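Q: Handing you this structure, nothing more for now.
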Amino acid sequence: MIRKLFYKILFNKSVKILFSSLSKKRKLQFLLLIILFFVQSVAELLSIGSIIPFITAISRPSVLLEEIQKYELLKNSIYLQTESQLIIISFLLFLFLIISAALIRVIALYANYRISIMSGYEISRSIFEKILYQDISYFYKNDTSQITSFIARKVYLCSSCLMHYFGIINNVIL
């Protein structure tokens, strides 16, 4: 049931038509956006996974310090000799991972927004060029303000559709 719904959303006919009207540059940008979503999910996973070592460092630093001493690489580190050093290092690492994950999320949201808007611009430009090269009789028959309104509405819908589509993909990956 969920799988069918997922495929229905991902491979929707209108989304296929929308993507077919985009340039190769935009398609490549969307592929890079999906890669960025995977990077974001790894960063989120690391930030969530760093909670347990941080809590362990605060609640039972001696146990964690004994565990660290088992590893040759960390055993000789001058920064991990005392419990207070361990707490500070684990806090800084935890803070770094949380801030990095948040920063990557903001970058992914901005990239999604920017690429979707630019795709809408690209589609509107192609529609406008097609309309512009019509015969003069076309403009006598049709109201230009209605044409402009139509283009604006469709561009907004296309941009919004792409933005939400990639938002869904981002949440599925997360």
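Q: So how do 90-96, 112-118, 131-137 stack up, highest first, on mean other-Cβ count within 10 Å?
A: Highest mean packing first, the order is 112-118, 90-96, 131-137.
Q: Please give the length that would be gained between Gln134 and Ile173 if that part of the chain were fully extended, namely 0.36 nm times their separation in residues minus their C-alpha to C-alpha distance (nm, one decimal).
A: Going from the current span to full extension adds 9.6 nm.
Q: Sticking with this one: At 1.4 Å probe radius, can you tell me the per residue accessible area of the chain in Å²?
A: 72 Å²
Q: Using a 1.4 Å probe over the heavy atoms of the protein chains, calculate the carbon and sulfur portion of the accessible area of the chain as a whole percent.
A: Here it works out to 69 percent.
Q: For the modelled label position 7 Å from the Cα of Tyr121 along Cα-to-Cβ, which residues of the range 17-56 have backbone nitrogen atoms closer than 19 Å?
A: 19, 21-33
Q: Just to make sure I understand: if all protein chains stay in place, what is the order of Thr56, Thr148 by accessible area at 1.4 Å, largest first?
A: Order by accessible area, largest first: Thr148, Thr56.
Q: Starting from the Cα coordinates of the range 106-172, work out the convex hull volume and express it per residue in Å³.
A: 67 Å³
Q: Please list log₁₀ I(q)/I(0) at q = 0.12, 0.13, 0.14 Å⁻¹ for the chain, using the Debye equation with identical point scatterers on the alpha-carbon positions.
A: For the requested q values the scattering log ratios are -0.73, -0.79, -0.85.
Q: Just tell me which aspartates and glutamates come within less than 14 Å, Cα to Cα, of Lys130; anything on the same chain fewer than 8 places away is out.
A: Cross-link targets: Glu122.
Q: Could you check the spin-label model distance between Thr56 and Ser145? Points 7 Å from the Cα along Cα→Cβ, value in nm.
A: Calculated label separation equals 7.0 nm.
Q: On to the next question. For Ile98, Ile17, give the ranking by accessible area with the largest first, probe 1.4 Å.
A: Ile17, Ile98
Q: Let me ask another. Under a crude label model (7 Å from the Cα following the beta-carbon direction), how far is Val39 from Gln69 in nanometres?
A: Each label point lies 7 Å from its Cα, and together they span 4.0 nm.
Q: Tell me what the chain gives for mean residue ellipticity at 222 nm when only DSSP H runs of n ≥ 4 count, each as -39,500 (n - 2.57), the sum divided by the residue total, rounded to 500 deg cm²/dmol.
A: It lands at -29000 deg cm²/dmol.
The values are calculated or read from the model by the stated rules, or taken from the named source; none is laboratory data. Note that this is a predicted model, so its numbers are computed, not measured. Backbone-built Cβ (ideal geometry, glycine too); neighbour counts: all protein chains shown. Accessible surface areas use protein heavy atoms only, side chains included; no ligands, DNA or RNA. Shrake-Rupley method; radii C 1.70, N 1.55, O 1.52, S 1.80 Å.
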